[in-house]
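The block underneath contains the structure these notes are about, expressed in structure tokens.
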Amino acid sequence: MSNKDLMQRKADATPRGVGVMCGFFAERAKNAEVWDTDGKRYIDFAGGIGVLNTGHLHDKVQAAVAEQLSRFSHTCYQVVPYESYIRLAERLNQLTPGQHAKKTALFTTGAEAVENAVKVARAATGRAGVIAFGGAFHGRTLLGMALTGKVAPYKVGFGPFPSDVYHAPYPNALHGVSVEDSLHGLEKLFKYDVDPKRVAAIIFEPVQGEGGFYAAPSEWVVQLRKICDEHGILLIADEVQSGFARTGKLFAMEHYPVQADLITMAKSLAGGFPLSALTGRAELMDAPAPGGLGGTYAGNPLAVAAALAVIDVIAEEKLLDRANRLGELLKEKLHGLKGAVPQIAEVRGLGAMLAVEFNQPGSPQPDPDFAKKVQTKALESGLILLTCGVYANVVRFLFPLTIEDAVFEEALAKLEAALKA
């Protein structure tokens, strides 16, 4: 069936609230390439929004899932457990930053991991308050939306939201928010809105995802850790988008000299299969009573098999090194285009978690129209890009780290043409 016919069926059968970027439908995909139902080929620099660090249908991931499917697909771990769940938990306990004793619980979505991090923090501290940051994205559930620091499109028409959630400014030098400004915002919260002794956790993204790919300054993260220690608050690192080699480290928190108490992860954990995880200090993870954590599909055995294969692929194919190498090539390309594209205000990121932000030429005014035009021109040429940022003026890059060199070079040529067009 053609893309045109499917678009009409989509309009008739699905709600407009499920926004869809592309006007075509996937027929098949492999590594960094997607073919639509009309046979057109695209290079995928979106990766299912950061889910495909190991590419579409990596052979080892596909084989691991097929082998598991030949044995069983579901029992519900809380009813009949299975060894692979334990094995994945052991590996995540070992691989996440910090040498302290840890435990891991598995879930299905990033939002679930975030909500369960808050549950653990509240159970462990006996407190209710949670502080998040402007520009943050933590999910589309009610609590996820409450924590998210971006109104449109995520919060419009969906309130009221859960209480005891507060927001402070996230440091963003390009937009005039210094580390000191952010910390002063936290101080104001403690003076005006919530006693720090009532705060269970501070949750932050080491690199904001939907917010614009802004990496947290190291000195700011150190100060967050200090504030948490001073007031008995837990520090939650949301690594749903930044984890699993995207930043050139297995986890973005490895770029910082301090550690979080709890780490949420999802997206590229299982190479396209729905799986998330919460790893944290063992004594904190044991705070909820039996039955307080879990979910019918949490830790699905097919997704667990995929995740174990993903972790092996990252190590065997040296994807940490590759993330850094591809990131440098992309940054070099973008920096080289600044003269020809005066709208480029900043090129930034860690490893291969990179973005380019556009302002109006010679002005600090964000230029979302230019970002949209770049995205549209790229798509017309067969390159899938995502925008992000509070002002929608940022293009982010989430290509598979396994992308072939020739396909990557082809994509950079398409990107250059779209920027110049």
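The values are calculated or read from the model by the stated rules, or taken from the named source; none is laboratory data. All figures in this text were calculated on a predicted structure; none of them were measured in a lab. As a convention, Cβ positions derive from the backbone with ideal geometry for all residues, glycine included, and neighbour counts pool all protein chains shown. Note: accessible area is taken over every heavy atom of the protein model, side chains too, but ligands, DNA and RNA are not part of it. Shrake-Rupley method; radii C 1.70, N 1.55, O 1.52, S 1.80 Å.
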- Query: So which of Val390, Val341, Val347 is under 18 Å from the mean Cα position of the chain (by Cα), outside any helix (DSSP H, G or I) and over 25 Å from Val313 (Cβ atoms)?
  - Reply: Val390
- Among the residues of the range 251-262, which ones are more than 15 Å from Gly209 (Cβ to Cβ), in contact with a Gly (Cβ under 8 Å, 6 or more places away or on another chain) and not in a loop (DSSP other than H, G, I, E, B)? Leu262
- Task: For Val304, state whether it is assigned to a helix (DSSP H, G or I) and under 17 Å from Leu52 (Cβ atoms).
- Result: no
- What helices (runs of 4 or more DSSP H) completely inside the range 93-200 contain at least 1 residues that are of a type in the set (Lys, Arg) and open to solvent by 20 Å² or more (accessible area, probe 1.4 Å)? 110-125, 179-192
- Task: Considering every residue within the range 328-339, establish whether at least one is touching a residue at least 40 places away in the same chain (Cβ under 8 Å) and closer than 30 Å to Gln62 by Cα.
- Result: yes
- Note on the structure: The lone condition Gly362 fails out of (1) surrounded by fewer than 21 Cβ atoms within 10 Å (Cβ to Cβ); (2) modelled with pLDDT of 95 or more; (3) not in a strand (DSSP E or B) is (2)
- What is the residue count in the range 1-42 for residues that are assigned to a strand (DSSP E or B) and on the phi > 0 side of the Ramachandran plot? 1
- Message: If I ask for residues that are of a type in the set (A, V, I, L, M) and either assigned to a loop (DSSP other than H, G, I, E, B) or surrounded by fewer than 18 Cβ atoms within 10 Å (Cβ to Cβ) (or both), which ones from the range 79-92 would you list?
- Response: Val79, Val80, Ile86
- Query: Quick check, is Phe45 touching a strand residue (DSSP E or B) at 6+ places or on another chain (Cβ under 8 Å), on the phi < 0 side of the Ramachandran plot, at pLDDT below 95 and of a type in the set (A, V, I, L, M, F, W, C)?
  - Reply: no
